1. With r defined as the distance between the Cβ atoms of E175 and D32 and R0 fixed at 22 Å, what FRET efficiency is calculated, to the nearest 0.05?
2. If r is the Cβ-Cβ distance from A220 to K309 and R0 is 41 Å, what FRET efficiency results, to the nearest 0.05?
3. In nm, to one decimal, how far is the modelled label at A186 from the one at R276, with both set 7 Å along Cα→Cβ?
4. Which order do the peptides 355-365, 371-381, 178-188 come out in when sorted by mean C-beta neighbours inside 10 angstrom, highest first?
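Nothing in this text is a laboratory measurement; each read-out follows from the coordinates by a stated rule. Computed from a predicted model, the values in this text were never measured in an experiment. Note: ideal-geometry Cβ built from the backbone for every residue, glycine included; neighbour counts use all protein chains shown.
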Amino acid sequence: MHDKPTASAAHRAWAAGRHWLEGRTVDRRALDLLIPLICFALMLLDVPGLAEADNALNGISAAAVLAVGASSLLLRRRAPWIPYVIALGFLGWLHELTLIQFALYSVGRYRGRAAAIVATLGYGLFAYVMFLMPGWPEQQADTLMEFLSLVVPIGVLAAGVGVAGYRQDLVRELEVQRGRTAALQAVQQERLSVARDVHDFVGRELTLLAVRAEVLAVRARGEAHQKDFDELSDTARKAHRILNEIIVQRAREKDATPGIDGLAVLASEGEQAGSRVVLDIDGRAGALSPLRQAAVYRVVQECLTNAVKHAPGQEVRVRITLDGVHLRIEVCNDLPNTAPAKQPVSAGTGTFSMGERVESMGGTLEAGLHDGKYRVLAVLPAGV
């Protein structure tokens with residue numbers, strides 16, 4: 001058979017190419033173009049034999065047909081079954097074994113072990129049927145065992161290498177996820193440690209402040225400042241209670257940060273404060289992970305708080321969209337006609353905290369004037 005040397009050359013070239021690529025970072029688009037070119041170059045070795053065979057092809061038409069078959073590998077990531085079916089056609093028509101090797105590898109590489117087994121069995125059965133048909137193999141001295149000794153190892157090896165690559169991808173993805181999880185756990189531990197320190201030290205100072213205010217209130221009993229000291233003591237107690245609720249209660253799962261469903265409550269609270277809130281939420285946002293939904297909630301919450309403080313009475317539009325692999329959070333409000341009578345109380349860290357939260361999840365945050373409005377735009381990966 002004229003395709004035996006090609007099969008061996010294909011394996012050697014593919015193994016050498018894969019070894020070379022593993023040690024280098026190759027652009028995915030360049031690799032998607034390189035694979036069909038390699039396959040086509042290997043199949044060109046069969047053009048003389050194809051031109052001499054009884055298949056109505058000459059050298060030019062044979063090369064053109066092989067180019068079409070190799071170009072099907074451009075679909076190997078999204079639809080590996082298409083080059084697989086075309087490769088079976090080449091196998092039955094032209095007795096071409098090169099393309100089926102790439103096709104079986106692609107099925108195993110991008111669809112996993114079960115698909116690779118099905119594809120390999122289908123390939124073996126198809127080749128066996130072709131063997132039983134008149135005229136193939138051309139050398140009648142070839143026995144079935146000799147034929148299968150060529151066909152079966154080719155399919156098993158190509159599919160097996162593909163499955164191995166598929167498993168390596170899973171392992172790498174798992175390692176990346178583990179790294180992200182470890183980083184998130186480290187951040188959570190650090191935040192918990194900071195929260196405990198705040199609770200212990202700030203709580204202690206608030207307690208001392210409340211006690212001191214009570215002592216001063218007792219000493220000032222009957223004087224004009226007694227009421228002020230009582231109010232100071234009540235304020236210190238209230239601050240301590242709020243501190244406990246923020247730090248201690250957040251540790252409870254039932255008090256976890258709300259998600260998409262909580263935006264309606266935020267909008268209602270904003271309207272109660274005098275700012276009309278318009279929500280435009282993509283219907284697919286409800287399927288986001290809890291981590292992404294918590295980020296959406298916090299960003300919108302901070303934006304509505306800022307709008308109420310700096311642009312009271314102005315309409316706020318909140319738009320949540322999923323654009324391919326990206327999650328977009330856009331909050332816009334009109335600028336106030338006049339400056340507020342009183343300067344709002346602000347620590348000036350809200351936007352910075354939003355940016356840190358978004359960037360920690362691989363996203364970007366923009367805040368500023370846009371088309372005569374104040375706009376906050378956060379773009380996050382939509383994945384978990």
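1. Efficiency, from the Cβ-Cβ distance: 0.35.
2. Working: r = 35 Å, r/R0 = 0.86.
It comes out at approximately 0.70.
3. My value for the distance between the label points is 4.9 nm.
4. Answer by packing, highest mean first, reads 371-381, 355-365, 178-188.
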